[in-house]
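In what follows, a single structure is set out as structure tokens and then discussed.
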Amino acid sequence: QLYAADFAPPTPGKLTAAVLAMERAYVYAAGLANPDFVEFQAGLLGGSTLAPGLYKFGTGITISDDLTLSGTAKDTWVFQVAGTMNIARGKRIILQDGAVANNIVWVVAGASTFGPD
């Protein structure tokens, strides 16, 4: 579905609520402490299978090959990235063993680039 601020009510209110929820989630995730993984693989995540947890990077991350997140529907992944995030052309983030996209949060301070497909 498509939503826009200038659509008829109740769309503007729903859009505002969604943006506020996104901002709260971002601020919460950015403030999490005690990471499970620090500078995991020096930020070169392509070809990896990652367990649930809080991942903290002082620089950028690169996904040059498919990345797999393996865990249950109740597990979470939070990525705190102080630099940029680059995903190469045609590469995917694969959810395995019940992992769900709703439980993945990316907190990226710099630009995020996605190779053209």
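Which percent, to the nearest 5, of DSSP beta bridges fully inside the chain are antiparallel? Don't skip to the end; give the middle numbers.
On the way: 0 of 25 bridges.
Of those bridges, close to 0 percent are antiparallel.
Where the eigenvalues come from the Cα gyration tensor of the chain, what are the semi-axes √(5λ) of the equivalent ellipsoid, largest first, in whole Å?
Gyration-tensor ellipsoid for the chain: 27, 17, 16 Å.
Would you please give the FRET efficiency between Ser112 and Gln1, computed as 1/(1 + (r/R0)^6) with r the Cβ-Cβ distance and R0 = 25 Å, to the nearest 0.05? Walk me through the numbers before you get to the answer.
Working: r = 24 Å, r/R0 = 0.95.
According to the calculation, E is roughly 0.60.
Could you please report the charge total around Phe57, scoring K, R as +1 and D, E as -1 over all other residues with beta-carbon less than 13 angstrom from its beta-carbon? Before the final figure, lay out the partial values.
Values: positive: Lys56; negative: Asp36, Glu39.
Cβ neighbours under 13 Å give a net charge of -1.
In debye, nearest 20, what is the charge dipole magnitude of the chain about its Cα centre with +1 on Lys and Arg Cβ and -1 on Asp and Glu Cβ, if you could check?
With only Lys, Arg, Asp and Glu charged at Cβ, the dipole is about 140 debye.
Find the relative contact order for the chain and round it to a whole percent, using C-alpha pairs within less than 8 Å whose residues are 6+ positions apart.
Working: 236 pairs, mean separation 24.2, N = 117.
Averaging sequence separation for qualifying contacts and normalising by length gives 21 percent for the chain.
Between the alpha-carbon centers of segment 2-65 and segment 83-113, tell me the distance in whole angstrom.
Each part reduced to its Cα centre gives a spacing of 8 Å.
Lys/Arg Cβ at +1, Asp/Glu Cβ at -1, dipole of segment 34-98 taken about the Cα centre: which of Gly46, Met85, Gly71 is farthest positive-ward?
The residue sitting farthest along the positive end of the dipole is Met85.
Read the figures in this text as sums done on the coordinates, not as results from a lab. Only a predicted model underlies this, so the values are computations on that prediction, with no experimental measurement involved. Virtual Cβ from ideal backbone geometry, glycine too; neighbours counted across all protein chains shown.
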